[in-house]
């Protein structure tokens, strides 16, 4: 149990132990962040944001941190599996427009007509290519590969079906496209930390993207799970507040 008493965060453990942390300490920040993430999941907080007019079902901190990585890596192509309303695609496209470099490929097993229409009518549509079909299907993977030119720098974000097996298949399919020094991101590993929360399943403790990432790097020594360093930090926070724990997989060679 966690209680807040003025400037003290108190944690009471089942075995009777109690720990106390000043509210401005890294430990308290970590505890309160985890509670906030869980409360936000229950409240469906991430379903309340848009980017340039399109719903973007992501935690804002994750997207700001991802923007830092995109700016540093400067990919020519960003591939995202999972389109939904298209807000993330518009987010990436706006970055590439501002950077005067890059484009985004969105892959989804079903792009609903109203979402396709809204994305294709958006002013940033010239930076976006849509591919409809199974993200791990041979035809779709081939289509993605054909859109990438020789020597182009590639980054990939996986945000479609979040089961361990599907994400692992996506990692096997798309990791070879990732440029050394760039990343493939397995999103929504927070599933493994949400046992008992609304809209969850009992097997999420292992059936999640984070487990897929762990299993993938265990058999691919040229990839490593590595949370990118903060691009700027004059505070005491050293960890991301994220829905994507253990999700950043960097290609070494």
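The values are calculated or read from the model by the stated rules, or taken from the named source; none is laboratory data. The shown structure was predicted, so the numbers you read here are calculated from the model rather than taken from an experiment. Here Cβ is always computed from backbone atoms with ideal geometry, including for glycine, and neighbour counts include all displayed protein chains.
On the stretch given as the range 161-181, residues that are in contact with a strand residue (DSSP E or B) (Cβ under 6 Å, 6 or more places away or on another chain) and surrounded by fewer than 21 Cβ atoms within 10 Å (Cβ to Cβ) total 4.
Looking at 80, 68, can you tell me which residue is in the same structural domain as residue 199 (by TED's automatic domain parsing), touching a residue at least 24 places away in the same chain (Cβ under 8 Å), under 21 Å from the mean Cα position of the chain (by Cα) and surrounded by fewer than 19 Cβ atoms within 10 Å (Cβ to Cβ)? Before you say what the answer is, go through the steps one by one.
On the way: 80 fails: surrounded by fewer than 19 Cβ atoms within 10 Å (Cβ to Cβ).
The match here is 68.
On the stretch given as the range 6-49, residues that are in contact with a strand residue (DSSP E or B) (Cβ under 8 Å, 6 or more places away or on another chain) and either in a helix (DSSP H, G or I) or under 21 Å from residue 188 (Cβ atoms) (or both) total 7. Scanning the range 186-213 for residues that are outside any helix (DSSP H, G or I), farther than 12 Å from residue 41 by Cα and touching a helix residue (DSSP H, G or I) at 6+ places or on another chain (Cβ under 7 Å) turns up 186, 187, 206, 207, 208. For the range 96-119, a residue qualifies if it is under 24 Å from residue 142 (Cα atoms) and more than 21 Å from the chain's Cα centre (by Cα), and the qualifying residues are 101, 112, 113, 116.
Residue 3 falls short on exactly one of the conditions (1) assigned to a strand (DSSP E or B); (2) surrounded by fewer than 20 Cβ atoms within 10 Å (Cβ to Cβ); (3) under 16 Å from the mean Cα position of the chain (by Cα), and that condition is (3). Criterion applied to 219, 236, 205, 253 was being in contact (Cβ under 8 Å) with a residue 60 or more places away in the chain, more than 20 Å from residue 73 (Cβ to Cβ) and out of contact with any strand residue (DSSP E or B) (no Cβ under 8 Å at 6 or more places or on another chain), and the one residue passing it is 236.
Within the bounds of the range 210-217, is there any residue that is closer than 21 Å to residue 88 by Cα and either surrounded by 22 or more Cβ atoms within 10 Å (Cβ to Cβ) or not assigned by TED's automatic domain parsing to the domain that holds residue 144 (or both)? Looking through the range 210-217, at least one residue is closer than 21 Å to residue 88 by Cα and either surrounded by 22 or more Cβ atoms within 10 Å (Cβ to Cβ) or not assigned by TED's automatic domain parsing to the domain that holds residue 144 (or both).
Scanning the range 96-117 for residues being farther than 15 Å from residue 159 by Cβ and surrounded by fewer than 18 Cβ atoms within 10 Å (Cβ to Cβ) gives a total of 10. Note on the range 24-52: residues that are more than 16 Å from residue 194 (Cβ to Cβ) and in contact with a helix residue (DSSP H, G or I) (Cβ under 8 Å, 6 or more places away or on another chain) total 4.
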